Amino acid sequence: MAKRYSARVRTLIIGCGYVGEALGQRLIALGHAVTGIRRESDGNTRLAKFGIEPLNLDITQPGTLEAIEKPFDFIVIAVSSSRGGREAHQRVFGTGIKNVAQWLKSNPAKAVVFISSTSVYRQKSGEWVDENSSIENVSYTSKSLLESEKLIATVPGNVSILRSSGIYGPGRGFLFRQFMKGDAQIEGTGERFLNMVHRDDLVEAIIRSLSGGGGTFNITDDEPVTQLRFFEWLSSTTDRPLPPIVPEPDPATRKRGITNKRVSNTLFKDTFGFQYKYPTFREGFAKS
């Protein structure tokens, strides 16, 4: 269970988007004073409505973080490249995270949480992977993420690296939306595994990590599912036809390449006694 704070604990969310907004609301309910960094000001009114103090900074610009005046007890880094290509990804997870790490060394917090991705695991044979699995044959996105993890791991305080699988939830879920629009496709035999996590479970995992001792953890639900089984469930649940079968795509056309693995969440659950509210995609999509 998340700890409730009696004092006004200060928490900074760097990258206050889809996950950060939900996280900020939960932290405020727990007694935190939350500041959320976004690059653009178009979301400021929305953040303020949630009780999150908006702050507009571009972490890829040198020295911009020096504009932050308050000290913070906790810092969560949940940045994204906003579906940009190689250059955008490198700016955020290369230059941007380097700037954040340098700033954190001069502005330490009690705990820092960095949201990474299970895309760092490049296995392709449907095998189970955990935090000790080998990482090789990396794509440009996984290379940037791994370099970011190493940089953040050097900052003061308890540092947690949370490798999140594909995030879905209210208003989000690429394959689900494609299916409902009639645009989904089953690739090849449909036996490639999907690893997913509901946004709200990721939020609770972040909160739990803030009071932990640090480490690297996979955050993903209890049941990896093949693409075919996922669409079969959606078809049965919604009484819609299965998507058509198409050839396997060229990995070079995918930003993160194509992998096929089953990601284990055992370490985080065992370390924190954590239970997922949405342990499988079935509970999560039924709610969403």
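The values are calculated or read from the model by the stated rules, or taken from the named source; none is laboratory data. Small disclaimer: the values here were computed from a predicted structure and weren't measured. Quick reminder, even Gly has a Cβ in these numbers, built from the backbone with ideal geometry, and neighbours come from all protein chains shown. Note: accessible area is taken over every heavy atom of the protein model, side chains too, but ligands, DNA and RNA are not part of it. Shrake-Rupley method; radii C 1.70, N 1.55, O 1.52, S 1.80 Å.
Quick notes
- Residues that are surrounded by fewer than 17 Cβ atoms within 10 Å (Cβ to Cβ) and of a type outside the set (S, T, N, Q), drawn from the stretch 54-75: Leu57, Asp58, Pro62, Gly63, Glu66, Ala67, Ile68, Glu69, Lys70, Pro71
- Selected residue (only one of Val129, Val120 is farther than 30 Å from Glu69 by Cβ, touching a Phe, Trp or Tyr at 6+ places or on another chain (Cβ under 7 Å) and not polar (S, T, N, Q)): Val129
- Elements of the type helices (runs of 4 or more DSSP H) sitting completely within the stretch 198-288 and holding at least 2 residues that are touching a Pro at 6+ places or on another chain (Cβ under 6 Å): there are none.
- A Cβ distance below 8 Å, combined with a sequence gap of six or more or placement on separate chains, defines the contacts here; from the stretch 195-206, residues that are more than 10 Å from Tyr168 (Cβ to Cβ) and open to solvent by 10 Å² or more (accessible area, probe 1.4 Å) reach residues that are modelled with pLDDT under 95 and not in a helix (DSSP H, G or I) in the pairs Glu204/Ala2.
- Selection within the stretch 10-49 - of a type in the set (Val, Ile, Thr) and crowded, with 16+ Cβ neighbours inside 10 Å: Thr11, Ile13, Ile14, Val19, Val34, Thr35, Ile37
- Residue pairs meeting the criteria (Cβ under 9 Å; at least 6 apart or on separate chains; first under 20 Å from Ile68 (Cα atoms), in the stretch 29-46; second of a type in the set (Asp, Glu) and not in a loop (DSSP other than H, G, I, E, B)): Ala33/Glu53; Val34/Glu53; Thr35/Glu53; Gly36/Glu21; Gly36/Glu53; Gly43/Glu21
- Applying the criterion of being at pLDDT 95 or above and small (Gly, Ala, Ser) to the residues of the stretch 131-177, the residue that is nearest to Asp200 (Cα to Cα) is Gly169.
- Selection of the stretch 64-75 for residues being in a helix (DSSP H, G or I) and touching a residue at least 24 places away in the same chain (Cβ under 8 Å) yields Thr64, Leu65, Glu66.
- Pick from the stretch 237-288, criterion at pLDDT 95 or above and acidic (Asp, Glu), ranking: most open to solvent (accessible area, probe 1.4 Å): Asp239
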